[in-house]
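Peer 1: The structure follows.
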Amino acid sequence: MKKNYYKIISAICLVCSFTSCGDFLEIKDQREIILEDFWNEKADVDNIVAGCYSALQNEGVRKRMMIWGEFRSDNIGAGSNIDDDISLYNILKENITAKNDYTTWDGFYDVINRCNTVLKYAPEVAAKDPAYTDGDLKATIAEVTALRSLCYFYLIRTFRDVPFSREAFTDDDQKMDLAATPFNEVLNNLIVDLEAIQNDAVRRYPETKNGYQTGRITQDAIHAMLCEMYLWAGDYDNCIKYADMVIKSKKEIFEEYNKKNRNNMGASVEALLEKRLNGFPLIYEDLQKVDQCGRVYNTLFTQSKRDDASREVIFELYYDEDPSAHSTINNGAISSFYGNSSSKKGLVTAGSTVSGDINLTSGSGRVIFEDKIKDMDARLYTCYDQSSEAIAKMVYSKININAEATPNANYSSAFPSNSNGSQWIIYRLPDIMLFKAEALCMKMRDGVEAEDLAYNDAMNKEAFYLVNAINKRSIMKVTLTEKDTLNASDFGSKSTMLELVKKERRRELMFEGKYWFDLVRYALRAGNTNEVISSVSKRDDVNSQFASNFFKKMDAIFWPYNYEELKVNHNLVQNPAFGSGESTSYEKTTK
């Protein structure tokens, strides 16, 4: 970690207030923080915590969330003017070196150090300011511990082994050239940290604070993180435990919402919801007129009022389509990478695997989207605009789909380049439901005794119930028949059900920065890189023979340490897939 990351938090902080809509992210003038004069009252702590969120929203951090989580997969291909960003184009060509700009990690370590600084000084404020209660202090500790853990989780999924510290770096004399801590050790530490503070986090923010329930760390957000971390750790029982906690909480929020809006729903709609969504509290289309769709997309990704979205969204980075009026931040990473009103196609677009699959209007031969529902999956239209050959998700402020005889979407509301107000969702309920379904698959037994078969059948049925709810939500028909939906009998084994879970994750979470991380998890669990090789070999700008050879080594699924990091931290040892020499500390696979 470079010393210039860690000047005394006296370096420049984004100081925020808490007084209006989206208020915890409103940026005031930057100023230097002098330790002795600053950490005196609750407001000081609140401002620095808000600065942690602002740093996480930073465009460089956001771009890396997108690139690291998805862009090495065949979901992504080159878009317009890709030569303007050579580092990005080299990633799409799998020509990644230690000098690639997107191998830098300073933005994440900046957030980590801000969080560690709060953890160091907040207890001193509690001792000075009676208004900063013990409960407030515990909630603060829980919040910044979770933000720090989220950053480390991004880092280990990207680089595998990374420098890990819970110490605040506020003095240039401190030792900062830390050796990398192994992946599993960091992951276990994150789990321990989150387990320790989960009950101290805020459970529910007041409805008057728009954006807080989804844009701030809550108990649900921590439980979502634990759910995913336990899945990566191979602890499937705990993964399921925390998934159930999130689902239960979201059902409670959904029921409260329905009580307030029951006059607008009616018993028939409630019955349809139960049948279509299997009782899960997902955002839904207008079920009385499903031929006009788009409500799910518009609610989840683009609406500035987040109380509706909070029924499904767990944690997101909040952005504003009118940043100048509210002194907030727009989602510039989406405008640059995916597109905007001036350039419908951004630097990247859907890879040919995705675009070709979506363009098969006959439904025959689809790989990602189910053949049997043909063109009736709303996600075909909210992911990709065939006319402009561009990614649609988060580029448009509204997508309305006419799902009558020949489905078509209205793509007339792209965000301007300087005011993209789409939300970057880090966790939403389908993500958690599919984590649980994956864990259920992994719990299935290899035995053939009657007891084993009965156990596996129960696991299989529960996994299908989760996947089918998400899938049915996307089908643009008022009344669903058996021929419109997935058939449980087609997925009766562990292998077929697990493949269904993987496909549904790809369909549902496409372009949300998830798919490469999923491939990494599958590879680590299987002990081979077959699925990674399959994905990379289908990419438009990558030679399939190169991909087959390069990705035989497990090291290759991770990223190299940046060249500048290696110059200042001599305790870092380069990932051998991108440097010279071998290291027995890295697992290889030739399976």
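Where a number appears in this text, it was derived from the coordinates with a stated rule and is not lab data. Since the structure is predicted, the reported quantities are computational estimates derived from the model, not experimental observations. Ideal geometry is used to build each Cβ from the backbone, glycine not excepted, and the neighbour counts take in all protein chains shown.
Peer 1: For an R0 of 56 angstrom, estimate the FRET efficiency from the Cβ-Cβ distance between LYS99 and LYS372 and round to the nearest 0.05.
Peer 2: Between LYS99 and LYS372 the formula returns 0.75.
Peer 1: Now a separate question. So who's got an amide H within less than 5 Å of the one on GLN292, skipping anything under 5 residues away but keeping other chains? H placed 1.01 Å off N, in plane.
Peer 2: Those qualifying (amide H under 5 Å, at least 5 residues apart or on another chain) are ALA403.
Peer 1: Continuing with this model, one more query. How far apart, in nanometres, would the label points at ASP237 and SER544 be if each is projected 7 angstrom from Cα along the Cα-to-Cβ direction?
Peer 2: Simple spin-label model gives 4.4 nm for this pair.
Peer 1: Residues with amide H under 5 Å of GLY77's amide H, sequence separation 5 or more or different chain, H placed in the peptide plane at 1.01 Å from N; which?
Peer 2: THR349, ALA350, GLY351
Peer 1: Follow-up. From the list [x] 23.5, 70; [y] 29.1, 109; [z] 24.6, 77, can you say which value of Rg and Dmax of the Cα atoms in Å was derived from the structure given?
Peer 2: Computing Rg and Dmax of the Cα atoms in Å and matching it to [x] 23.5, 70; [y] 29.1, 109; [z] 24.6, 77 gives [x].
Peer 1: While we're on this one: Over the stretch 454-569, what is the relative contact order in whole percent, taking alpha-carbon pairs under 8 Å and six or more residues apart?
Peer 2: RCO, the stretch 454-569: 16 percent.
Peer 1: At 0.36 nm per residue, and after removing the present C-alpha to C-alpha distance, how many nm does the segment from ASN487 to LEU453 gain when stretched out fully?
Peer 2: Here the segment from ASN487 to LEU453 would lengthen by 10.3 nm.
Peer 1: What does the C-alpha gyration tensor say about the overall shape of the stretch 431-535? Classify as rounded when a/c is under 1.5, otherwise prolate if a/b is larger than b/c, or oblate.
Peer 2: Oblate.
Peer 1: On full extension of the chain, what length is gained from LYS260 through TYR465, given 0.36 nm per residue of separation minus the C-alpha to C-alpha distance?
Peer 2: 71.0 nm
Peer 1: Let me ask something else about it. Collect residues whose amide H, placed 1.01 Å from N in the peptide plane, falls under 5 Å from the amide H of ILE314; neighbours closer than 5 in sequence don't count.
Peer 2: Counting only residues 5 or more places away or on other chains, the set is TYR427, ARG428, LEU429.
Peer 1: Using only Cα atoms, locate the centre of the stretch 123-198 and the centre of the stretch 40-61, then give the distance between them in Å, rounded to an integer.
Peer 2: The stretch 123-198 and the stretch 40-61 have Cα centres spaced 15 Å from each other.
Peer 1: Normalised by the residues of the chain, what does the relative contact order come to in percent, with Cα pairs under 8 Å and at least six apart?
Peer 2: Relative contact order of the chain: 18 percent.
Peer 1: Less than 15 Å Cβ to Cβ from VAL448, Lys/Arg counted +1 and Asp/Glu -1: what total charge do the surrounding residues give?
Peer 2: Around VAL448, the surrounding residues sum to -3.
Peer 1: Here is a follow-up. Of the listed pairs LYS393/LYS477; LYS138/LYS305; LYS128/LYS251, which have alpha-carbon separations greater than 32 Å here?
Peer 2: Violating the 32 Å Cα-Cα cut-off are LYS128/LYS251.
Peer 1: Would you mind calculating the relative contact order of the stretch 426-502 from Cα pairs under 8 angstrom and at least 6 residues apart, reporting the percent as a whole number?
Peer 2: Here the relative contact order equals 37 percent.
Peer 1: Report the full-extension gain for the segment TYR89 to ALA43: residue separation times 0.36 nm, less the Cα-Cα distance, to one decimal in nm.
Peer 2: My answer for the length gained is 12.2 nm.
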